[in-house]
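The values are calculated or read from the model by the stated rules, or taken from the named source; none is laboratory data. Computed from a predicted model, the values in this text were never measured in an experiment. FYI the Cβ positions are ideal-geometry reconstructions off the backbone, even for glycines, and counts take in every protein chain you see.
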Amino acid sequence: MNPRLLDRYTNEILPALSKSLGRTNRLSLPRLKKISVNMGVGAAVNDKKCMEEAVDALRLITGQQPIITKARKSIAGFRLREEMAIGCKVTLRGRRMYEFLDRLISLALPRVRDFRGLNPKAFDGRGNYSLGLTEQLVFPELNPDKYTRTQGMNVTIVTSTDSNDEARELLRGFGMPFRADGQTDSKN
């Protein structure tokens, strides 16, 4: 059985994009390529158990084994040595990508405290969208009793288009909760 968002993409979003962009070739329309989820675990420099917890949490959230990222160079001020484990990441493609995006939009983002919508301007100029989550416990797969440390993560959604506007339209079709243009972020 196909993921819900994949069916929605082929049956609803593609025809709508074709009509709005004026293109009939399906391959020229924007689509999701991959989703990259990464956690920087700075506390792992002092405590190795932090890294194990972060890897375990990311495995539960994404359904895929994370890769441990290592420091490229030594920085004495942070007590960091070259090749020391400082983070973990997962690249999702295909079915897992659509299932993760569905859980992110429908379950995790509504659970974020004081959530007023995502910034519609957080595109990189090449059609890719990045967002940060301050706490991994917004995902219902994680037991709050087991994961006591709050650990943030970055989620990057890579699309096949180079236009931010086309990518924004694609993500709106998936139901990404962007803020209205008049609203401002409370942190600014």
Would you confirm whether or not the range 34-57 contains a residue that is closer than 26 Å to Lys146 by Cα, under 14 Å from the mean Cα position of the chain (by Cα), assigned to a helix (DSSP H, G or I) and in contact (Cβ under 8 Å) with a residue 40 or more places away in the chain?
no
Looking at Glu166 and the list (1) of a type outside the set (Gly, Ala, Ser); (2) closer than 20 Å to Thr91 by Cα; (3) assigned to a helix (DSSP H, G or I), which single condition is not satisfied?
(2)
Positions within the range 124-163 being surrounded by 12 or more Cβ atoms within 10 Å (Cβ to Cβ) and part of a strand (DSSP E or B), in sequence order:
Tyr129, Ser130, Leu131, Leu133, Met153, Asn154, Val155, Thr156, Ile157, Val158, Thr159
Residue list for the range 123-181, restricted to those being without any contact (Cβ under 8 Å) to a residue 24 or more places away in the chain and in contact with a Pro (Cβ under 8 Å, 6 or more places away or on another chain):
Leu137
So Ile13 fits all but one of (1) farther than 23 Å from Leu137 by Cα; (2) of a type outside the set (D, E, K, R); (3) surrounded by fewer than 20 Cβ atoms within 10 Å (Cβ to Cβ); what number is the exception?
(3)
Candidates Gly94, Gly127, filtered to the one that is touching an Asp or Glu at 6+ places or on another chain (Cβ under 9 Å), closer than 13 Å to Leu32 by Cα and among the small types (Gly, Ala, Ser):
Gly127
Would you tally the residues in the range 88-123 being small (Gly, Ala, Ser) and not in a loop (DSSP other than H, G, I, E, B)?
3
In the list Ile86, Ile61, which residue meets the criterion of being more than 30 Å from Arg168 (Cα to Cα), surrounded by 16 or more Cβ atoms within 10 Å (Cβ to Cβ) and within 23 Å of the chain's Cα centre (by Cα)?
Ile86
Identify, from the list Gly77, Gly94, the residue that is surrounded by fewer than 14 Cβ atoms within 10 Å (Cβ to Cβ) and at pLDDT 85 or above.
Gly94
